[in-house]
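The values are calculated or read from the model by the stated rules, or taken from the named source; none is laboratory data. In this text, all values refer to a predicted model and were calculated from it rather than measured experimentally. Cβ: placed from backbone, ideal geometry, glycine included. Neighbour counts: every protein chain shown. Areas reflect the complete protein model, heavy atoms only, side chains present, ligands, DNA and RNA absent. Shrake-Rupley method; radii C 1.70, N 1.55, O 1.52, S 1.80 Å.
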Amino acid sequence: MSSVLLATGLILLFLALTLLLLVWNERQYQRNRLVTERHNALGLPEGELVYEDIDGEGEPLSSSEAPLIGKPDYIVRSPDGRLIPILRKLNVQDARTPQSNHVIQIAAYCLILEDYSEQPPTHGILRYADREFTIEYTTAIRKRVLRLLAEMEHYTEQQSPQLLKQSAAKCRACILKPVCAVGQGK
């Protein structure tokens with residue numbers, strides 16, 4: 001009698017473990033499917049979404065080499081392990097080429113991401129409302145970012161950069177308007 005109970009108990013234990021494994025496997029499958037669907041809906045490149053700041057809740061990222069802190073909209077780790085910053089500027093339409101300030105912003109994110117991976121980024125993605133650009137992260141653009149940062153270190157409230165022109169709408173929205181010679185008149 002006890003051997004029958006033992007055998008029945010072992011069979012029930014085996015069935016319970018099998019059922020538990022099946023439920024766990026189904027949850028993993030559903031989770032992976034949802035992650036893939038979201039990834040595709042966002043139009044992200046192949047890889048794992050490792051950072052998101054679309055809601056403004058992402059942690060600021062910083063560079064150990066340069067005085068930079070930033071929060072790209074997304075960061076995807078590509079299959080080769082490199083990080084890809086993605087910047088969305090959905091208010092820009094009908095652009096045939098990327099705006100230079102957006103290119104520098106992507107390059108600054110790439111510079112920051114050098115600290116977060118063994119391999120430096122090779123590019124970033126700039127997404128406008130109706131178009132997407134791949135911005136190559138080259139030695140030249142890296143040097144340009146570092147040169148711009150070095151120039152910025154020389155400016156103070158009393159000595160702001162000389163801007164030749166700026167749109168009134170940008171000046172109205174700018175936090176530096178009170179100290180900017182160009183923005184004060186707009």
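Taking loop as defined by DSSP and a crowding limit of 14 other beta carbons within 10 Å, which trypsin sites (Lys or Arg not before Pro) in region 9-101 fit? Walk me through the numbers before you get to the answer.
Working: sites: 27, 31, 33, 38, 77, 82, 88, 89, 96; in loops: 82, 96.
Passing sites in region 9-101 are 96.
Can you tell me the accessible area per residue over the chain, all protein chains present, probe 1.4 angstrom, in square angstrom?
Numbers: 12930 Å² over 186 residues.
Result: 69 Å² per residue.
Once every DSSP H run of n ≥ 4 in the chain is given -39500 (n - 2.57) and the sum is divided by its residues, what mean residue ellipticity at 222 nm do you get, rounded to the nearest 500 deg cm²/dmol? Kindly include the intermediate steps, with their values, before the conclusion.
On the way: 4 runs with 75 residues, N = 186.
The per-residue figure over the chain is -13500 deg cm²/dmol.
Give me the distance in nm between label points sitting 7 Å out from Cα along the Cα-to-Cβ direction at residue 1 and residue 34, one decimal.
Here the modelled spin labels are 5.0 nm apart.
Please give me, ordered by residue number, the chymotrypsin sites (Phe, Trp or Tyr not before Pro) of region 127-157 that lie in loop per DSSP and have at most 16 other Cβ atoms within 10 Å. If you can, show how the numbers build up before the last one.
Values: sites: 128, 133, 137, 155; in loops: 137, 155.
For chymotrypsin sites (Phe, Trp or Tyr not before Pro) across region 127-157 that sit outside H, G, I, E and B with at most 16 neighbouring Cβ atoms in 10 Å, the list reads 155.
What FRET efficiency comes out for residue 65 versus residue 159 if R0 is 25 angstrom and r is the Cβ-Cβ distance? Round to the nearest 0.05.
On the way: r = 25 Å, r/R0 = 1.01.
With R0 = 25 Å, the Cβ-Cβ based efficiency is 0.50.
What percent antiparallel are the DSSP beta bridges of the chain, to the nearest 5? Please report the intermediate quantities before stating the final value.
Numbers: 15 of 19 bridges.
In the chain, DSSP labels about 80 percent of beta bridges as antiparallel.
According to the Cα gyration tensor, what semi-axes, each the square root of 5 times an eigenvalue, does the equivalent ellipsoid of the chain have, listed from largest to smallest in whole Å?
Numbers: eigenvalues 524, 64, 53 Å².
Result for the chain: semi-axes of 51, 18, 16 Å.
Report the calculated FRET efficiency for residue 42 and residue 131 (r = Cβ-Cβ distance, R0 = 22 Å), to the nearest 0.05.
Working: r = 16 Å, r/R0 = 0.73.
In this case the efficiency is close to 0.85.
Of the accessible area of the chain, with the probe set at 1.4 angstrom, what percent is carbon plus sulfur?
Details: 7360 of 12930 Å².
For the chain, the apolar C and S fraction of the accessible surface comes to 57 percent.
At 0.36 nm per residue, minus the direct Cα-Cα distance, what do residue 50 and residue 179 gain on full extension? Give it in nm, one decimal, please. Could the numbers behind the result be given before it?
Values: separation 129, 0.36 × 129 = 46.44 nm, distance 3.78 nm.
Gain on extension, residue 50 to residue 179, equals 42.7 nm.
Assuming R0 = 22 Å, can you tell me the calculated FRET efficiency for the pair residue 152 and residue 115, based on Cβ-Cβ distance, to the nearest 0.05?
Numbers: r = 20 Å, r/R0 = 0.90.
E between residue 152 and residue 115, to the nearest 0.05, is 0.65.
How big is the accessible area of residue 55 in square angstrom, nearest 10, if you roll a 1.4 angstrom probe over the protein chains?
Here the accessible area works out near 110 Å².
Please list the equivalent ellipsoid semi-axes of region 58-150, computed as the square roots of five times the alpha-carbon gyration tensor eigenvalues, in descending order and whole angstrom. Walk me through the numbers on the way to the answer.
Values: eigenvalues 82, 47, 31 Å².
That gives 20, 15, 12 Å for the three semi-axes.
Region 128-147 to region 34-87: how many Å between their Cα centroids?
16
Going by alpha carbons, how many degrees (0 to 90, nearest 10) lie between the helix axis of 139-152 and the longest principal axis of the chain?
60
By how many nm would the segment from residue 104 to residue 170 grow when fully extended, if each residue of separation counts as 0.36 nm and the alpha-carbon distance is taken off?
Values: separation 66, 0.36 × 66 = 23.76 nm, distance 1.78 nm.
Full-extension gain reported as 22.0 nm.
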